[in-house]
Structures are given as C-alpha cells and as structure tokens.
1. Pick out the one residue from Val49, Val36 that is out of contact with any Gly (no Cβ under 7 Å at 6 or more places or on another chain), β-branched (Val, Ile, Thr), outside any helix (DSSP H, G or I) and open to solvent by less than 90 Å² (accessible area, probe 1.4 Å).
2. Restricting attention to the range 208-230, which residues are over 26 Å from Gln161 (Cβ atoms), surrounded by fewer than 18 Cβ atoms within 10 Å (Cβ to Cβ) and touching a residue at least 40 places away in the same chain (Cβ under 8 Å)?
3. Looking only at residues in the range 55-69 that are closer than 29 Å to Tyr196 by Cα and open to solvent by 10 Å² or more (accessible area, probe 1.4 Å), which one is nearest to the chain's Cα centre (by Cα)?
4. Filter the range 87-129 for residues that are open to solvent by less than 60 Å² (accessible area, probe 1.4 Å), in contact (Cβ under 8 Å) with a residue 40 or more places away in the chain, of a type in the set (D, E, K, R) and not in a helix (DSSP H, G or I) and give the result.
5. Looking at the range 92-104, is at least one residue more than 23 Å from Glu291 (Cβ to Cβ) and touching a helix residue (DSSP H, G or I) at 6+ places or on another chain (Cβ under 7 Å)?
6. Mind counting the residues in the range 234-277 that are open to solvent by less than 40 Å² (accessible area, probe 1.4 Å) and more than 23 Å from Gln186 (Cα to Cα)?
7. For Tyr280, indicate whether it is within 18 Å of Arg132 (Cα to Cα), of a type outside the set (S, T, N, Q), open to solvent by less than 50 Å² (accessible area, probe 1.4 Å) and part of a helix (DSSP H, G or I).
Amino acid sequence: MLTEVRQFAGEREEWDHFVRRTPGGTFFHLIGWRDVLERCFRFRCCYLVARRAGDIVGVLPLCELRSALSGSCLLSLPFAVEGGVCSADDEARRALEDAVLQLSRDRGARYIELRDGLDGAGFQMREGLYYRFRRPLLASDEENLAAIPRKQRRMVRVGQQNGLQARVDAGDLDVFYDLYARSVRQLGTPVFPRRYFRQLLDQFPDDSCLLTVRHEGTPVASVLSFFFNDTVLPYYAGSRHEFFRYAVNDFMYWELMRYARERGARVFDFGRSKKGTGAYDFKCHWGFEPEPLRYRVYAPHNASVEGHTASDGHVQFLREAWRRLPLPMTKLLGPFFIRRFGAFYT
C-alpha cells in the first residue's frame, strides 16, 4: 500500500503511542518536545507523519532554525542527543527522507541534520565528535555499586560519610536552576531560561524528575532526568564547586541510579559528551564505555557544512568572557543567546 507523508495535525496520543512502541523511538521523539521548543524559543517546528492504510508507520520531528552563524537548517532536534527518523520499516523511512528533502527545497534550507545514526542517499555522516554512555542497571544496589570502578566507588562513600542527603521533588526547580546556572557559567555556556525547565516538567510530569543533594540543609547538587520506557537519562545538572570535596556529583548520580532502579529503570543513559572534556572523562571513570554518535547531514549540491565546536577560536573567546559575568547577568542574557545561536552548538 502507498505510504503518505503529511504534516503533524494534532494526533498527539497516536504519535506518542507509535514512538513508545517502535525500536527507533526515543524520549526526544515525544510530541511534548514540540510544545517546549515552540513556546520557549519560538522555533518553527515541522513535524512529519507517515501513514499507510490509515496507521502511523513513521514520524520525523524537525525544527527550522535560522542563524547569522550557520544560515538556515532543518534539524532533528535542537538540544537533543538523538532524533531523526523513527519508522516501522524501510519504506516509511524512505518516504520521510524524501519528504524532508522536498521540505528543505521549499524552505530554502542550507542543510538538513538528522540525529538518528542511519544511512541515506546523499547524506554525509558526522561522527567522532560526540560520544554517548549507556549501561544496564543491575538488580540490586549492591550489584550496581560493585559495578562502579573502585576510585569512583570510594567517592560515593565520601559523599555518604559527609552526610549528604538526596531527595526527589519537582518543587525544587528554583534550587535546581540556581545550581545549573552556576555550573554552566563556569563552563562558559549560556544558560537556558528557567521557563524551559518549567515547560519540561509540565510537559512530561510522569517522565521527568528533579533529584537534589543537600549538605547540612544547603543545596549542593541537582539533576533533571527523563524516563523513557526502561531507560533513565540524567540530562541537565548543576553543582556548587566549593562543595566538590564532598564528592557531591558522584553521590548525586549514585542516588539517581538507586532511585531509577526502584522506579523500574533497567538502563542508565549518561547522555553525550565530547571527547577530551571533563564530562567525557568523568563518565569513563564511572565505568561507562563511550559509543560514537553518528549524525547525518544533507546539503544541496554537496556543499560543505561547517560545524561549530567549543574548540573554535571565537567560541573560546565567548566562553572566557561568559565566565567573568556576574551570575544574575548570565541568567538574564543567556536565554537571548540560546534562542539566537545556541541550537547550532548542541
């Protein structure tokens, strides 16, 4: 039967049901992301649905982004580890790829980027920049603790011995946001607006959690995590540098492992990091094996597409300048830079 591709027309429950039961589906394919991106950043979303005999057989979430740095592009998806085509079979996949190529011509997009690791005629493959880190959660706390390399296991115990306490509470958003803003300023990265995290918690109330660590009542670390099927994804986090001697980050991720296992998660997805960064090394020290992420790009006439990374000279300059700004100013200016330029650095 013929496979037809059309724009998303409000079939929210049907879309999410398909994503959750299809092997290529991810948390970032869920339709709630469309609302978050449109409401927080005013991105123009172009979500495509493939149908056959009336049933959904494929979806492709897209955002149309424009920037003075990179021109225009169709991206699946900004701020996401993965995205791209989610389909029941090759026929549906090809129909969605044909549709996005036509859409790029209609919109005059400079290029398309799909974060799905698939191949496709005319697409260039990007890999070796980002790596992801995943491993199974075992059946008990004792087994999971034993699976952590000795040095990091000792750091978890340092946190326990210093009386750190963890709790899960969606009401800790302001606490989380302050810790997150402190951390990203230290990294030289613009801060997302608070409303972005509010929207994520509101859109995914059953699929998200805030876990906060305190030392003698003082919030010292916090992480916003997502749950999708049997996987937990710690995604945004922050901590106070002056409390690092208490191993607050190691304790926080250990407590998240414990909470996720009790909640029924079977896989811990530590997200993506660039090789050579502190985050990459931290995850390796926890015993996670890096897996290269493969993103594919299509540019008309085989034009080259330059990616922006933290090693670029102008990016390094901006990072150093950002670190010197007062924290309240970073909270004020960060959302502007994220909306105008941030999607092209994710």
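1. Answer to the selection: Val49.
2. Selection gives Asn229 alone.
3. In this case the residue turns out to be Glu64.
4. Glu113, Arg115, Asp116
5. Taking every residue of the range 92-104 in turn, none turns out to be more than 23 Å from Glu291 (Cβ to Cβ) and touching a helix residue (DSSP H, G or I) at 6+ places or on another chain (Cβ under 7 Å).
6. 10
7. Against the criterion (within 18 Å of Arg132 (Cα to Cα), of a type outside the set (S, T, N, Q), open to solvent by less than 50 Å² (accessible area, probe 1.4 Å) and part of a helix (DSSP H, G or I)), Tyr280 qualifies.
Residue-by-condition table, conditions (1) open to solvent by less than 40 Å² (accessible area, probe 1.4 Å); (2) hydrophobic (A, V, I, L, M, F, W, C); (3) farther than 25 Å from Leu200 by Cβ:
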residue: Tyr131; (1), (2), (3): yes, no, no
residue: Glu142; (1), (2), (3): no, no, yes
residue: Ala146; (1), (2), (3): no, yes, yes
residue: Gln152; (1), (2), (3): yes, no, yes
residue: Val184; (1), (2), (3): yes, yes, no
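The values are calculated or read from the model by the stated rules, or taken from the named source; none is laboratory data. Fair warning: this is a prediction, and the values are worked out from it, not measured in the lab. Please note: Cβ atoms are built from the backbone with ideal geometry, for glycine as well, and neighbour counts cover all protein chains shown. For accessibility, only protein heavy atoms count, side chains too; no ligands or nucleic acids. Shrake-Rupley method; radii C 1.70, N 1.55, O 1.52, S 1.80 Å.
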